[in-house]
Amino acid sequence: MSEQEWKRALVLPHQSIRDAVHAIDAGAMQIALVISEAGRLLGTVTDGDVRRGILVGAQLDASVGTIMNPKPVVARTGELPGDILLMMKRQRIQQVPLVDEQGMLVGVQTLASLIRPARRDNPVVLMAGGLGSRLGPLTDVRPKPLLNVGDRPILESILGNFVDSGFRNFYISVNYKAEMVVDHFGDGSAWGVNITYLRETKRMGTAGCLSMLPERPTLPVIVMNGDILTRMSFTTLVDHHVESRVAATMCTREFTHTIPYGVVNVDHGRLQSIVEKPSSKVQVNAGIYVLNPELLDAIPADEYFDMPMLFERVMQRGLPVGGFPIQEYWLDIGRLEDFQRAHEEYQSVFPG
């Protein structure tokens, strides 16, 4: 639902029940959203709340706060559409306010939009051309994106998550055992999408394949490594990128690094302190990006070019670059132990 649509349903707590009725009609969602002056969600009012209030003697000129539900069911930013849909079905509600970590209202999710996700025409580039040498000997016979995790190949799970969010236009970069990938996915019709292949004849890096796109897109492009399992919301990512007005967005993931020794602080030969196995938290590159179309012009043709090189070039030009921390499940399947972990976690993370 667009910002313009759900904002028609806003009312302030000092406004009247009559104003709430008008907001319910204007928003066409059978709900009014009561917010503070700063935009914090205070409660909701449905047409049922209005009817019940009138039945117990409430006047239409009374404050909307007298009939609102002060503890409505809400969804949080970053929650996956499938999880929100399940919650709404269990609660038997048709719409749910979307709030951020501070309780600020940022949107409304409706049951109709979740059942039928809006079509997203943004191109999605999935990088599936790597050798996957760290997963040998598994990758001696199959490329890493076609290794099964759960009951399906890694790349098929990635594609399915995008399809469930309304994305339809895909490019898959292939190199190592390319025909196996092409044979599995074909033109994408089995998933109701369009798939075009970017055929690398040499190592192109994580950004070089973008120079092979047949035409420059008109919408921001999502680029994702083909060996990542995640439950993040791709629609939220694209919306965040657009709303932030940046040229490029890099998804990040928190990584905790622990030093396996006691760290000693010595000053002028005197021991000052000992900290046993300290740890620090940093944000690392999560292998998922959104790029404005004009940035593709900065990628050299037919050359090795990595995504960090592109981001450095963009920042050197003074263009704004954003970060998008992933709070949801995320796993880079780069090593055999990661592959085993993916098998162990798959059913709990991707039920059904």
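Every number in this text was worked out from the coordinates using simple rules, so none of it is lab data. Note that the structure is a prediction, hence the values are computed from the model and not measured. Note that we place each Cβ from the backbone using ideal geometry, even for glycine, and neighbour counts take in every protein chain shown.
Assorted remarks:
- Ranking of MET29, MET315 by neighbouring Cβ atoms within 10 Å, starting from the fewest: MET315, MET29.
- Quotient of C-alpha Rg and 2.2 N^0.38 Å, computed over the chain: 1.20
- With θ taken as phi - 60° and the Karplus curve 6.51 cos²θ - 1.76 cosθ + 1.60 applied, the whole-hertz 3J(HN,Hα) list for region 42-54 is 9, x, 10, 9, 9, 4, x, 4, 5, 4, 5, x, 5 Hz, x standing for glycine and proline.
- For region 1-85: span of alpha carbons on each principal axis (Å, largest first): 41, 22, 22
- Percent antiparallel among DSSP beta bridges (both partners in region 3-115, rounded to 5): 75 percent
- DSSP-defined antiparallel bridges as percent of all bridges, the chain, nearest 5: 60 percent
- Furthest towards positive pole of dipole, LEU213, GLN327, PRO97, structure part the chain, Cβ charges: PRO97
- Mean projected area of the convex hull spanned by the Cα atoms of region 212-307, taken over all viewing directions: 10.8 nm².
- Normalised contact order of region 124-349, rounded percent, pairs of Cα under 8 Å and 6 or more residues apart: 25 percent
- With each label modelled as a point 7 angstrom along the Cα→C-beta vector, the ALA301-ASN69 pair spans 5.8 nm.
- The trypsin sites (Lys or Arg not before Pro) found in region 200-279 that occupy coil by DSSP, while having at most 10 further C-beta atoms within 10 Å, are LYS202, ARG245.
- Derived scalar couplings between HN and Hα for region 211-216 equal 6, 9, 4, x, 8, 6 Hz in order, rounded to whole Hz, by the Karplus curve 6.51 cos²θ - 1.76 cosθ + 1.60 (θ = phi - 60°), x for Gly and Pro.
- Dipole check for the chain: with +1 at the C-beta of Lys and Arg, -1 at the C-beta of Asp and Glu, and the Cα centre as origin, the magnitude is about 440 Debye.
- Across the alpha-carbon atoms of region 274-352, the computed radius of gyration and Dmax are 17.8, 52 angstrom.
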